[in-house]
Structures are given as structure tokens and as C-alpha cells.
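The values are calculated or read from the model by the stated rules, or taken from the named source; none is laboratory data. Quick caveat: nothing in here was measured; it's all calculated off a predicted structure. Using ideal geometry, Cβ is built from the backbone for each residue, glycine included, and neighbour counts are taken over all protein chains shown.
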Amino acid sequence: MQVTNVNLPITVTGRHVSVTDAMREHAEKKVSGLHLDYPKIIEAKVLLDVDSKERHKAEVILFCANHIVIEADTVTPNMYASIDETMSKIARRMRKHKTRMLKSHRPKKDKSIRHLNEAVFAPEIPEEPEAEHEPVLLHKEKFKIKHLYSDEAIMDMEMNDKPFILFHDAKADALALLYKREDGDYAMVCPIEDPN
């Protein structure tokens, strides 16, 4: 097992702060010290940002083999503490990803169906809002749609802490939306053609 990264390109960038040699060395040492049996890291980016004296943010993005991207960030009153805590989050996500990969390749012991209790609620008429609020588009983001299986999409969501992921379902050969439910499970929305 390889325990340190060899010649890993690490970019340390500062926003609203000049990155000192000590901060750069600390960040590079932490990233290159990640244990690397899986996934293999190809490139690492560390973004350091200072909003105020009490808000030192460290964000780490790892670009790994097999199109895996792992990212985490932390805000603390100290930049070194932010880097350390962010690297702890990254290490946990890498372990979680590896564990999930190992589990997905094992044969399933029990293929039982989980039954949920059915409940019917009385419809209630919602109160009229006092003033109409016109919705406004606040954020627009472009991203590449990946061809994934549903289990790969779940792993991608867990690596990036995103509330949902839009992807091309490789099994159904169609677009799909995956999101995390309040009970911790995942739900997937797949479009169907309108027969009319």
C-alpha cells in the first residue's frame, strides 16, 4: 500500500489573504500525508480565505482517478485549525468511499423488501399568504452531466456534500435526479415520455 503521495501536484491559493510559506507547507504536508490505497489522487487544490478575524476558511478539492472528486471546507478562527479539520473531513470521506466500494462488490446475503406503513392524511386548505412573493433566480451553475449508475451517483453525492445530483443514468440511458431524503435514504427521479 502506498502511504504517501509521490510528486502530487498541490496548488495552494489565497483569497483575501496572502499565503505564507508556513501556511503553504502545512497545507501541502497535510494533503501529501493522506493514506492512498483508494482512491488515487491525481491533483489537489487548497483554497484559503479570510472573511474576518474570526472566519478563516480552508477548502480542499481532490481530483482522483475514475472521475472521483472529493471536496470539503471548514471555517474556524484559526487558519491552521481550518486546514486540519478540513483534512479530517476529507480522510473520513475517502474511508467512506472505500468502504462503500468494498460493500458494493460483495454478494448480498438477504434480498428482502423493506415495507413501509401506509398513512392517509386529511387534506387541509392552506392559508392565503398575505403578500405574493415573486420568485427570483439567485444562482445559476453549469456542470458536466456524468454517465453514472445509481450507486456511483450516491457515492459522488456523499463525496461532495451536495443536496442532489443530476446525471445520465447508465442503466436506463436517460437523465435522472438523485437526492437525499430526510430519513437518510436516497430517492431518484426519472423522467418518462408524455404519451399525448
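Considering the range 38-85 alone, what residues qualify as being among the aliphatic types (A, V, I, L, M) and touching a Cys at 6+ places or on another chain (Cβ under 9 Å)?
Within the range 38-85, Ile41, Ile42, Ile70 meet the criteria.
With the condition kept exactly as written, say whether any residue in the range 14-35 is hydrophobic (A, V, I, L, M, F, W, C) and under 25 Å from Glu152 (Cα atoms).
Yes - at least one qualifying residue is present in the range 14-35.
Residues in the range 95-103: is at least one on the phi > 0 side of the Ramachandran plot, at pLDDT below 80 and in a helix (DSSP H, G or I)?
Looking through the range 95-103, none of the residues is on the phi > 0 side of the Ramachandran plot, at pLDDT below 80 and in a helix (DSSP H, G or I).
Please specify each residue of the range 36-66 satisfying the condition of being part of a strand (DSSP E or B) and either among the hydroxyl-bearing types (Ser, Thr, Tyr) or buried (at least 21 other Cβ atoms within 10 Å of the Cβ) (or both).
Within the range 36-66, Ile41, Ala44, Val46, Leu48, Ser52, His56, Ala58, Val60, Leu62 qualify.
May I ask you to list the residues in the range 34-87 that are polar (S, T, N, Q) and under 16 Å from Val19 (Cβ atoms)?
Asn78, Ser82, Thr86
From (1) at pLDDT 85 or above; (2) touching a helix residue (DSSP H, G or I) at 6+ places or on another chain (Cβ under 8 Å), pick out the condition that doesn't hold for Val189.
(2)
Go through Val19, Val3, Val69 for me and flag whichever is surrounded by fewer than 17 Cβ atoms within 10 Å (Cβ to Cβ) and modelled with pLDDT under 80.
Val3
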